[in-house]
Structures are given as structure tokens and as C-alpha cells.
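The values are calculated or read from the model by the stated rules, or taken from the named source; none is laboratory data. Worth saying up front: this structure is predicted, and the values here are computed from it rather than measured. No Cβ is skipped: glycine too gets one built from the backbone with ideal geometry, and neighbour counts run over all protein chains shown.
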Amino acid sequence: MRIWNGLNNMAEIEGVIYTPLKQFVDQRGAVYRVFRNYDGNIMVNEVYISRVNHGIVKGWKRHRKMNQRFVVPYGSMKLVLADLREGSPTRGNVMEVVLDQDKHYAQLIVPHGIWYSFGCQSDDYALMLNIADLIHEDSESDVLPLENDVINYSWK
């Protein structure tokens with residue numbers, strides 16, 4: 001298992017893309033860029049926000065078809081990704097990524113087939129925006145408990 005330290009933009013899992021996003025901040029407030037369809041080829045079918053309270057961790061989850069784009073516009077969230085895809089050149093790799101409204105304001109693209117979990121690192125709560133290419137269907141995803149024998153990672 002290799003843990004990505006988040007200090008560079010080179011993802012350790014094939015298909016995962018970390019892209020810093022622009023913020024425009026002044027004394028009046030801020031504008032946070034969330035999404036731009038630069039190449040016109042990105043399908044967006046559903047957008048939703050997850051609120052995660054202080055100290056809470058959600059996951060593990062894997063979508064079989066859905067690709068997701070995560071952005072944290074409020075608070076701080078640690079995401080952990082695990083590649084257990086058959087035939088993947090990065091099979092067995094695990095990434096820890098922090099997304100937040102300040103130092104790590106970015107978009108994280110998570111392709112289908114990747115297991116993920118996420119936890120709030122803020123003192124109150126964090127909001128995570130999910131931009132998905134498919135409309136969510138429970139039958140299209142798999143879940144595991146946080147502590148399991150499949151993914152070599154512990155949130156403890």
C-alpha cells in the first residue's frame with residue numbers, strides 16, 4: 001500500500017485527477033470556482049451536497065458506473081481512495097487527499113470502480129459538493145463498513 005501525501009498533483013491511482021480551483025477573495029467576501037466544462041465532453045446529471053459533522057467518517061463506497069467530482073467549499077474533509085480494480089496498474093494503492101476551502105481548494109475526480117470514504121476535519125462541519133455524471137441509484141453502488149478485511153486502511 002502506498003499513501004499519497006498530497007504534496008504534488010500526481011495521483012497514485014489511475015484515473016484520479018486533482019485540480020486546484022481558483023478563489024477570488026477580498027474584504028467583501030469570496031467567490032469560489034467549482035466547475036468549468038473546458039472541453040465540452042463532461043456529462044453532468046446530478047449535483048448534490050453532503051454535510052458531514054465534526055469527527056464523522058462516511059464510507060466505504062464504490063460506484064460501478066458513476067464518475068464523481070468532489071469539491072469542498074466549506075470546511076475541511078479528508079478523503080481516502082482505494083484502487084482494488086482488476087487489471088489496474090495502480091491496484092492496491094491507497095490515497096489520502098485533503099480538500100478544504102482554504103489551502104487545498106480543489107476538485108478531485110474519482111472514476112467509477114474506486115472505493116472511497118471521507119471524514120470531516122473541521123471543528124464544526126464540512127460541506128462536500130458532488131458533481132456526478134449519472135443520477136444516483138442505490139443498485140449501482142457497493143458499500144463496506146469502515147473497518148473491513150477488503151481495504152487495507154484504518155480510520156482509527
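Assorted remarks:
- Criterion applied to N45, N152, N41, N148 was being over 16 Å from the mean Cα position of the chain (by Cα) and modelled with pLDDT of 95 or more, and the one residue passing it is N148.
- Any hit, the stretch 100-109, residues being of a type in the set (A, V, I, L, M) and either modelled with pLDDT of 95 or more or exposed (fewer than 14 other Cβ atoms within 10 Å of the Cβ) (or both): no
- Selection status of I17, under 11 Å from the mean Cα position of the chain (by Cα), among the aliphatic types (A, V, I, L, M) and at pLDDT 95 or above: no
The rows are residues; the columns are (1) closer than 26 Å to D123 by Cβ; (2) of a type outside the set (A, V, I, L, M, F, W, C); (3) out of contact with any Asp or Glu (no Cβ under 6 Å at 6 or more places or on another chain).
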{"position": "R85", "(1), (2), (3)": "no, yes, yes"}
{"position": "S88", "(1), (2), (3)": "no, yes, no"}
{"position": "Q101", "(1), (2), (3)": "yes, yes, yes"}
{"position": "Q107", "(1), (2), (3)": "yes, yes, yes"}
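Okay, residues lined up against (1) in a strand (DSSP E or B); (2) without any contact (Cβ under 8 Å) to a residue 24 or more places away in the chain; (3) among the aromatic types (F, W, Y):
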{"site": "A30", "(1), (2), (3)": "yes, yes, no"}
{"site": "R36", "(1), (2), (3)": "no, yes, no"}
{"site": "M43", "(1), (2), (3)": "no, no, no"}
{"site": "L81", "(1), (2), (3)": "yes, no, no"}
